[in-house]
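The values are calculated or read from the model by the stated rules, or taken from the named source; none is laboratory data. Remember, it's a predicted structure, so these values are computed and weren't measured experimentally. Because the Cβ atoms are built from the backbone with ideal geometry, glycine has one as well, and the counts that use them run over all protein chains shown.
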Amino acid sequence: MTKNLRIKTSKFIDETYKVSFKFNRKTYYGFKGDTLASALLANDIHLVGRSFKYHRPRGIMTAGSEEPNAIVQLHSNTSRTEPNVRATEIEIYEGLEASSQNCWPTVNFDIGGINNFLSPVLPAGFYYKTFMWPASFWEKYEYFIRKSAGLGKSPKESDPDIYEHKYIHCDVLIIGAGISGIMAAKIAAKNGFKTLLVDEKPYLGGSTIYQNSEHFKINNQLSSSWLEKEINEIKKIKNLEIKTRTSVAAFHGYNFLLARENLTDHLPLEQRNNKTRHRLLKIRAKKVITATGSLERPLIFNNNDRPGILLSSAIDKYANLFGVVCGEKNVLFTNNDSAYETAISLYQKGINIEAIIDNREEIDSKLIKEIEKNNIKIHKGYTIVNTFGYKRIKKVSIMKLSKDGQKVIGSKEYINCDCLGITGGWTPAVHLFTQSGGKLKFRDEDQVFIPNIYPSDQVSIGSCNGDFTLDEILSTTPRILKEFLNLKKIDYEDLEIQSSFNKSKRNIWLLPSDKVIGKTKPFVDYQNDATAKDIKLALREGFRSIEHVKRYTTTGMGTDQGKLGNMHALGIISETTGSKIGELGTTTFRPPYTPLTFGTIVGRNVGEYFDIFRRTPIHDWHVKNKAEFENVGQWKRAWYYPKNGENMNDAVQRESKAARDSAGILDASTLGKIDIQGTDASEFLNRVYTNSWSKLAIGKCRYGLMLNEDGMVYDDGVTTRLDENHYIMTTTTGGAATVLGKLEDYLQTEWPELDVYLTSVTDHYATISVCGPNSKKILSQVFPDLDFKDEHFPHMSFKNGKIDKIKCRVMRISFTGELSYEINIQANYAKAVWEKCIEIGKKFNITPYGTETMHLLRAEKGFIIVGQDTDATMTPIDLQMDWIVSKKKYDFIGKRSLYRSDTIREDRKQLVGLLTENPDEVLEEGAQIVADIKKSPIEMLGHVTSSYYSPNLKKSIALGVVKGGKNMMGQKLIIPMENKQINVTVADPVFLDKENKRLNA
Amino acid sequence: MFIINCPYCGEREQSEFKAGGEAHIVRPKQPTELSDDQWAEYLFMRKNIKGIQFERWVHTHGCRKWFNVIRDTSNDMIKAVYKMGEKPPTK
């Protein structure tokens, strides 16, 4: 490759700064300022990848973020590898390594290319139709389909880069720094608005900045020179912040936008360490000005996807911005004037143009005259019917279009070429506008959707608003901005504009060929290999809605979201079905506008910061004493404390035994604690709990069950009356926040007349639970001043205690069935008190136990855990806890629901105990319970909710819910497992100490 | 993400709030007097309107106060915000 495809025109390329990079393992050179695409084109490489389904050779098609074909894998097999990167966006740097995707063994020889020849049997919906039978085989098919499909490869190592999130608040956000965006930024910032201007490119000025045509002038200067001065001027404005390489990904309601600022992707790898790679900007703007420009449309004709076929504007951009010649024998194919702009700029640079093929029959404009003057052949009223060349276009065949544009007539002519520029006019980039909830309208004259109804304080300007020509942009934009920003006088009101663009266009969505459509390949969605033929097939099969056609044919579902071809898909549907495009509507544009890395989305929330977690004040002691932890809600709770290499089972058996034989100690600080005060506190508790609270004496504790209004158990816990109008409520660990929220809801919205104040004190107090027959002896030494005699400090009562000067609340309550005390203490003293209990308890073999042992001990007593033994379908009656439901109270939350026709059914699932025939067999939690294994289908009666081996009873015990279980005492049931059946007997859920003697042991 | 004008704190991000369903459903004063159907009407039946909807919101990560919001569910525009116990603005 010794061809010189560089032309010296561009000030954006630094030819003194050579950059080497690798593409498919081969080393090439480019210049600083090149994108990977421009550097490859300068090395005469068009073929960069294979298409998704047919594995057809594909080349670079565009020069921007809309690129469907030229997507590559960067730095394969490294931690920084990234799939599906658009070669047109990535700036080259020293050491860049890129490779083609979706091809094997190489992009030049790809085995999958056989799919191209199989394509007659691979129509739209092929996979759906072929692999749905028999259904059970899908898993086997899927493996092979997934293997042969897919684009890039995701990284296998963790990402070494740093990502972050940042909030930005501004008065005016301007998206897009093309000519209209620059004008808007100047006007907004100069009038005192705090302004932010963002653009996805590394430079400002959009496509105007590289226009050097005499035909487009502002105030008698070249449009690019005029714009350059404007850019230099706005860079000096203080209240204007400019961010390049920043792509807006999402535009949500209320002017909330997400943008990705790319900080290091253009740097050599070794310069990226310890720098933030991407920053996700969360922008809240009072006003948004969208100036996102427009995307050039391709033309849809047979074999319109070969390497060497580019958008006409892309050829222009490569020549003017990057100084790269895309081909030496160029042909342009157009239905409008913009191809002539390209032709003139190529011609002026001495680049050869073989011919221009124009759909239009009668055309006349300054641009066209100039082309004709230079003896470039224009085929008026012609279309391309086919293209030739497998890995690079070699030739096109053209024929005359019929008057209605539906047929070709006359004889075929051939034109040799190595590059074909196509243009089907322009599509306003309304993606962000519609994401924000904006409604579009269809403009029939030039067949475009433009913004119509704005859902928030925003406006679209420039070509994304349908103003395509320079004179339209410069005359409309100042007027729109003046009104939008409510200004009296602004710059730009008296610009002198010279623009030679003629707006005539002959729109034919699908260009005819001399072959029948079945024999052609007119691609609509290049990335997903969807052709016009597929769309027509979908319509024949009865699909009508654009959303359905899209999903069936996968048109517009690639990583480029069909930025090029979506309009044509609509056009073809409308032509085929005879409906109007405006009435068909568009498919939904969803964020992100261009793909985001996962790193950008999660920012700093990785590793231990992925989710917040809470630690009790005693946490460090648990760590030091080698506890294993489990996650309970957001809490890290000590699960068990293995000693001398014990496994969980051994540790739990030891801990459970020690707690019943002598003394155990548990960190229960995670229990939710709500401080309740006010003259109506007792009445409030009466209304929120099922049992009665009016008569609870000061200094006494009571267990309460809280229901939802639908009668289902919501939470439980012990509440203590500290004083006449002062209670402390405990909730389950996981329920703390929602219980407080629910209580506040009732207090504020249903019972505002009640004088009650709720305060969450979960974090303020730690809770240490000491249980077992020796707990009283230990507590008496921890609190030598307190009277622990049963008659003065009975079960379910409370006393204020002191350790030195530190005030504590001591409750005698039990979740284990043992004699048991809970110490509530200000959190910062908790660890010291815990250590004191351990120290004093040593002679009683005090054993720290975790949540697993706690669960076992309470299960021995048949105490429920809300959320484990209950779900949102269990009433207190189902739990056999009728005793806690007050018959006397007129009302409480959920009372009326307890006698709805459904809740009084006898055959509801009810909580029962389960004993296994073999006392050593421990059931699996969640296992199904059945009565009759022979019946088909087998009726599921319920499931096991809690199951343990009890070291104190020396047998397996379980709780479960069983349909009508209450009346099945002693009945035999079956637990069918994968390889066996386990026989169980329904039993009382209280397995140990039914008389509660141990509470006063 | 909306901006909600909390009647106690002023304009805040939606992420500080939680939605609490349809507004102006009063808990019956005498539930025991109600038939199953009447109770079910209170308990389960909620409107799901495309357009103007009256809703309850709570400023969970702020003042923890409940209040009412009138929102157009078709475009998420909030028409009015008023305190619990107040009548909706008539406009």
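Some values worked out for this structure:
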| read-out | value |
| --- | --- |
| Among the candidates A:Lys887, A:Lys861, residue that is charged (D, E, K, R), within 14 Å of chain B (Cβ to nearest Cβ) and either within 30 Å of A:Tyr746 (Cα to Cα) or in contact with a Ser or Thr (Cβ under 9 Å, 6 or more places away or on another chain) (or both) | A:Lys887 |
| In segment A:743-753, residue surrounded by the fewest Cβ atoms within 10 Å (Cβ to Cβ) [restricted to those that are at the interface with chain B (Cβ under 10 Å from one of its Cβ atoms) and in contact (Cβ under 8 Å) with a residue 40 or more places away in the chain] | A:Trp751 |
| Scope segment A:646-663; condition closer than 22 Å to A:Lys842 by Cα and not in a helix (DSSP H, G or I); matching residues | A:Glu646, A:Ser662, A:Ala663 |
| Meets criteria (surrounded by fewer than 17 Cβ atoms within 10 Å (Cβ to Cβ) and assigned by TED's automatic domain parsing to the domain that holds A:Glu361) for A:Ile409 | yes |
| Helices (runs of 4 or more DSSP H) within segment A:117-211 that include 3 or more residues more than 18 Å from A:Thr290 (Cα to Cα), modelled with pLDDT of 95 or more and out of contact with any Asp or Glu (no Cβ under 9 Å at 6 or more places or on another chain) | none |
| Residue satisfying all of: in segment A:729-739; more than 16 Å from B:Phe17 (Cβ to Cβ) and not small (Gly, Ala, Ser); nearest to the other protein chains (Cβ to nearest Cβ) among these | A:Val739 |
| Which listed residue is in contact with an Asp or Glu (Cβ under 6 Å, 6 or more places away or on another chain) and of a type outside the set (S, T, N, Q), from A:Val866, A:Val912 | A:Val866 |
| Residues of segment A:931-942 satisfying the condition of being surrounded by fewer than 18 Cβ atoms within 10 Å (Cβ to Cβ) and either among the β-branched types (Val, Ile, Thr) or under 44 Å from the mean Cα position of the chain (by Cα) (or both) | A:Ile933, A:Ser936, A:Pro937, A:Ile938, A:Glu939, A:Met940 |
| 1 or more residues in contact (Cβ under 8 Å) with a residue 12 or more places away in the chain and hydroxyl-bearing (Ser, Thr, Tyr): qualifying helices (runs of 4 or more DSSP H) within segment A:527-645 | A:546-553, A:566-577, A:598-602 |
| Any hit, segment A:213-226, residues being within 14 Å of chain B (Cβ to nearest Cβ), touching a Leu at 6+ places or on another chain (Cβ under 8 Å) and not acidic (Asp, Glu) | no |
| Number of positions in segment A:928-956 that are touching a residue at least 24 places away in the same chain (Cβ under 8 Å) and outside any loop (DSSP other than H, G, I, E, B) | 14 |
| Among (1) in a loop (DSSP other than H, G, I, E, B); (2) at pLDDT 95 or above; (3) under 49 Å from the mean Cα position of the chain (by Cα), the one test that A:Ile838 misses | (1) |
| Any hit, segment A:336-350, residues being in contact with a strand residue (DSSP E or B) (Cβ under 9 Å, 6 or more places away or on another chain) and either in the same structural domain as A:Ser225 (by TED's automatic domain parsing) or surrounded by fewer than 19 Cβ atoms within 10 Å (Cβ to Cβ) (or both) | yes |
| Strands (runs of 3 or more DSSP E) (entirely within segment A:273-314) containing at least 3 residues that are more than 14 Å from chain B (Cβ to nearest Cβ), in contact with a strand residue (DSSP E or B) (Cβ under 8 Å, 6 or more places away or on another chain) and not aliphatic (A, V, I, L, M) | A:276-290 |
| Condition broken by A:Ile363, with the remaining ones in (1) within 22 Å of A:Pro512 (Cα to Cα); (2) among the aliphatic types (A, V, I, L, M); (3) not in a loop (DSSP other than H, G, I, E, B) satisfied | (3) |
| Check on B:Lys18, at the interface with another protein chain (Cβ under 9 Å from one of its Cβ atoms) and loosely packed, with under 14 Cβ neighbours inside 10 Å | no |
| Qualifying position, being away from chain B (no Cβ under 14 Å) and without any contact (Cβ under 8 Å) to a residue 40 or more places away in the chain, among A:Lys777, A:Lys695, A:Lys673 | A:Lys695 |
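Okay, residues lined up against (1) among the polar types (S, T, N, Q); (2) buried (at least 19 other Cβ atoms within 10 Å of the Cβ); (3) in a strand (DSSP E or B):
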{"position": "A:Met399", "(1), (2), (3)": "no, yes, yes"}
{"position": "A:Lys403", "(1), (2), (3)": "no, no, no"}
{"position": "A:Phe449", "(1), (2), (3)": "no, yes, yes"}
{"position": "A:Val459", "(1), (2), (3)": "no, yes, yes"}
{"position": "A:Cys464", "(1), (2), (3)": "no, yes, no"}
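Residues are listed down the side, and each one gets a yes or a no for (1) within 9 Å of another protein chain (Cβ to nearest Cβ); (2) touching a residue at least 12 places away in the same chain (Cβ under 8 Å); (3) surrounded by 13 or more Cβ atoms within 10 Å (Cβ to Cβ):
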{"position": "B:Arg12", "(1), (2), (3)": "no, yes, yes"}
{"position": "B:Thr32", "(1), (2), (3)": "yes, no, no"}
{"position": "B:Ser35", "(1), (2), (3)": "no, no, no"}
{"position": "B:Arg46", "(1), (2), (3)": "no, yes, no"}
{"position": "B:Asp72", "(1), (2), (3)": "no, yes, yes"}
{"position": "B:Val81", "(1), (2), (3)": "no, yes, yes"}
{"position": "B:Glu86", "(1), (2), (3)": "no, yes, no"}
